[in-house]
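Reading through the structure tokens given below for one structure.
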Amino acid sequence: MGFLEKINLAALGAGILALAWYLFSVVPQIGSVPVAEIAWKWPMGLSLGLFLVMLIATVIPLAMTDQTIRDESGIIDDERDRAIELRGDAWSGNVMHLLAFLALILVFFDAPGFWVAQTLYVGGMGSGLISIAVKVADYRRGA
Amino acid sequence: MAKPTPITNEIRTLRFHAGEMTQAELARQVGVTRQTIIAIEQGKYSPSLEVAFRIARVFKVGLDAVFQYPAE
């Protein structure tokens, strides 16, 4: 497994944990308290922070110890890595465009800021995870 | 997801005839990662025309001696 593939796996794990923690903190409040009183801002900030800390805590030791950072050919990345990167980002971009449009519709109908924020945050994290998952799958399949 | 390529290749055989050249050595000479050479050899990735020419140049053969595209 190459270095870039490991980085993508680390980001996927960190993203899933951070998003799961956020949903675990916020979803139980929906329906039990009025939307305006749902505590979502600090869990969102903490979730983002958690994601960044987990990613950094994984990537730095990996970069320091991983022997495959330059593989046996002495090269870090090439056209295949860039193609995989582009394909993953295209998926993410498509999903994010749809969710941004959904957020716009919510604003148009004066939906509470809570729902707009959830659409953008969960959508943003979700589309990022889809992007990484597509990259990991492509690396695994050899594409 | 990427579709499997119909392009076949003789890279493994050419490496064998080139003094059992390793995938890493071929990758170094072509300027790609070893993972990419593995993916090309296994038919899971179609390289760019430029990389295809560089592979052929390493073995000092024509492009069609390295890659084949089956007739429909």
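The values are calculated or read from the model by the stated rules, or taken from the named source; none is laboratory data. Since we're looking at a predicted model, the values are computed, not measured. All Cβ positions, even for glycine, are placed from backbone atoms using ideal geometry, and neighbour counts span all protein chains on display.
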Candidate set: the stretch A:34-67, residues that are at pLDDT below 90 and not in a helix (DSSP H, G or I); chosen: the one surrounded by the fewest Cβ atoms within 10 Å (Cβ to Cβ):
A:Gln67
Looking at (1) farther than 20 Å from A:Met1 by Cα; (2) buried (at least 19 other Cβ atoms within 10 Å of the Cβ); (3) within 12 Å of another protein chain (Cβ to nearest Cβ), which is the one condition that is false for B:Leu14?
(3)
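Within the stretch B:38-49, can you find the residues that are facing another protein chain (nearest Cβ under 8 Å) and not hydroxyl-bearing (Ser, Thr, Tyr)? First the steps, then the outcome.
First pass over the stretch B:38-49, keeping only residues facing another protein chain (nearest Cβ under 8 Å): B:38-39, B:42, B:44-45, B:47-48.
Of everything in the stretch B:38-49, those that are facing another protein chain (nearest Cβ under 8 Å) and not hydroxyl-bearing (Ser, Thr, Tyr) turn out to be B:Ile38, B:Ala39, B:Gln42, B:Lys44, B:Pro47.
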Those residues of the stretch A:99-143 which are within 14 Å of chain B (Cβ to nearest Cβ) and of a type in the set (Phe, Trp, Tyr), in sequence order:
A:Tyr139
Those residues of the stretch B:34-44 which are in contact with a helix residue (DSSP H, G or I) (Cβ under 6 Å, 6 or more places away or on another chain) and surrounded by 21 or more Cβ atoms within 10 Å (Cβ to Cβ), in sequence order
B:Arg34, B:Thr36, B:Ile37
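A:Asp81 - would you say it is in contact (Cβ under 8 Å) with a residue 12 or more places away in the chain, at negative phi, in a helix (DSSP H, G or I) and surrounded by fewer than 18 Cβ atoms within 10 Å (Cβ to Cβ)? Give the steps one after another, and end with the answer.
On the way: in contact (Cβ under 8 Å) with a residue 12 or more places away in the chain: yes; at negative phi: yes; in a helix (DSSP H, G or I): yes; surrounded by fewer than 18 Cβ atoms within 10 Å (Cβ to Cβ): no.
The answer is no for A:Asp81.
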